Amino acid sequence: MGASVPETDPNIRVALKLDIVVIGAGQAGLSSAYHLAKQGLVAGKDFLVLDQAPKPGGAWQYRWPSLTLSTVNRVHDLPGMSFADTAGGDDSVQAAVAVPHYFAAYEEHFDLRVLRPATVNVVCDRGNRLRIESDRGLFSARGLINATGTWEKPFIPDYPGAASFTGQQLHTRDYTTADAFSGKHVLVVGGGISAIQLLDEISRVTRTSWVTRTPPRFREGPFDADAGHNAVALVEARVRQGLPPGSVVSVTGLPMTPAIEAMRQRGVLERQPMFDAITPTGVKWDDGRELDVDVILWCTGFRSALDHLAPLQLREPSGGITMTGRLATQVARDPRIHLVGYGPSASTIGANRAGAAAARELLDYLG
């Protein structure tokens with residue numbers, strides 16, 4: 001018989017065994033954790049939530065200061081606790097303060113025991129279990145609910161000459177306040193809701209220009225339940241075919257709010273087509289036209305933060321992941337894995353429903 005290995009051997013790394021690991025504690029992750037607990041699992045024993053952020057709040061804690069409860073689209077309730085109960089009724093409060101406060105109260109009330117900060121580096125297949133490697137230790141799970149969202153994967157398209165630009169290039173996630181651009185010419189790139197909001201703010205203090213890849217489509221009238229259902233259905237159809245989810249705004253259009261109408265009256269919404277290259281002093285189009293700017297603000301969205309799942313080879317040749325299940329949260333290639341906050345569940349209200357479906361379907365699959 002060979003000699004036994006001492007327990008102090010630094011090469012031994014013991015993984016904590018659990019039934020399910022949830023990665024991410026934003027809206028989708030907390031909703032999933034809530035429903036796992038409702039099904040009888042015990043947080044910290046049967047399942048564990050790992051969150052990369054230093055404190056509760058998901059991506060909300062990083063939002064720009066001018067985004068208040070009066071300007072944000074809407075903060076949807078997490079299951080079992082109303083946001084209004086913790087918000088205090090003051091619409092002037094920053095969303096980056098109010099929502100994290102709500103999430104923290106939620107975690108405490110339901111004893112969800114989120115481990116943070118915990119960065120998951122990689123998830124690997126180990127036969128009938130999954131191995132989750134993080135900077136807070138190793139975990140072994142029978143199933144995984146991934147709710148990492150998109151905040152950690154800002155997307156900036158590659159354009160010729162980008163490295164030569166001598167001004168500032170920033171992404172939406174870098175934005176803090178419009179006053180930082182005072183006296184500068186800012187080029188806002190993108191046609192989503194965030195692009196419109198930042199264009200509005202910045203245009204009040206300095207000169208702006210606006211470019212989009214396709215002409216923006218403004219939606220008149222209310223965005224009712226039927227319209228929302230149709231938008232989600234189109235995104236769901238894509239992920240069930242293994243295609244990348246695509247932009248939600250491309251489906252829903254931009255709401256014609258009083259603020260947007262005021263922007264139109266001020267001449268701020270004079271959109272230009274997407275440029276073809278970046279110069280040291282600005283941008284240019286193939287027809288020879290050039291525009292000098294000091295700042296390029298890329299409001300070009302985010303991509304799903306799924307790099308840690310790469311060893312599992314979940315992606316199709318198209319770049320998407322084929323999803324199945326009642327609300328398209330289950331990965332077809334590995335039913336032990338559910339993605340919430342991906343595709344049709346990327347919205348806050350969709351994340352709640354997806355969390356419930358993922359918890360129930362995963363527990364059913366695991367028996």
Residue range of the chain that is longest and free of GluC sites (Glu not before Pro) which are both DSSP loop and sparsely packed (at most 13 other C-beta within 10 Å): 8-219
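Based on a Kirkwood Rh over C-alpha pairs, give the Stokes-Einstein translational diffusion coefficient of segment 274-318 at 25 °C and viscosity 0.890 mPa s in µm²/s.
On the way: Rh = 13.9 Å.
Using the Kirkwood radius from Cα pairs, D works out to 176 µm²/s.
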Whether segment 310-367 is rounded, prolate or oblate, judged on the alpha carbon gyration tensor where a/c under 1.5 counts as rounded: oblate
Integer Hz, Karplus 6.51/-1.76/1.60 couplings in order for segment 171-180, x for Gly and Pro: 10, 3, 5, 8, 6, 10, 8, 5, 4, 5
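Could you give the dipole magnitude of the chain about its Cα centre, charging the beta-carbon of Lys and Arg +1 and that of Asp and Glu -1, in debye to the nearest 20? Don't skip to the answer; put the middle values down first.
On the way: 36 positive and 38 negative charges, 126 e Å.
That gives a dipole near 600 debye.
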Cut-off under 5 Å, modelled amide H: who pairs with THR208 long-range: VAL186
J(HN,Hα) series, segment 113-130, from Karplus relation 6.51 cos²θ - 1.76 cosθ + 1.60, nearest Hz, glycine and proline x: 6, 6, 8, 8, x, 9, 9, 7, 8, 7, 10, 10, 7, 10, x, 8, 9, 10
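Counting other beta carbons within 10 Å of each Cβ, put TRP285, TRP64 in order, fewest first.
Values: TRP285 15, TRP64 19.
Result, fewest neighbours first: TRP285, TRP64.
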Two-decimal Rg to Rh for segment 230-333 - Kirkwood Rh, Cα set: 1.10
Column: log10 I(q)/I(0), Debye, Cα scatterers of the chain, q = 0.10 Å⁻¹: -0.70
Built amide H within the under 5 Å cut-off of LYS153, gap 5+: ARG303
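Return the Rg/Rh value of segment 118-183, two decimal places, where both radii are evaluated on C-alpha atoms and Rh is the Kirkwood radius. Please list the in-between numbers first.
Numbers: Rg = 19.4 Å, Rh = 16.1 Å.
Here the Rg-to-Rh quotient is 1.21.
Going by how many other beta carbons lie within 10 Å of each one, how would you line up ILE145, ILE202, fewest first?
Numbers: ILE145 31, ILE202 24.
Placing the least packed residue first, the sequence is ILE202, ILE145.
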DSSP loop trypsin sites (Lys or Arg not before Pro) with at most 10 other Cβ within 10 Å excluded, longest remaining stretch of the chain: 75-367
Rounded to 10°, Cα long-axis angle of helix 193-203 versus longest principal axis of the chain: 40
LEU138 long-range amide H proximity, modeled H, under 5 Å: LEU16
Rounded Å value of the spacing that divides the Cα centres of segment 78-123 and segment 236-295: 32
Rounded Å value of the spacing that divides the Cα centres of segment 24-49 and segment 322-367: 14
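A short reminder: the numbers here are calculations on the coordinates, not readings from a lab. Keep in mind the model is a prediction, meaning the values are calculated, not measured. Ideal geometry is used to build each Cβ from the backbone, glycine not excepted, and the neighbour counts take in all protein chains shown.
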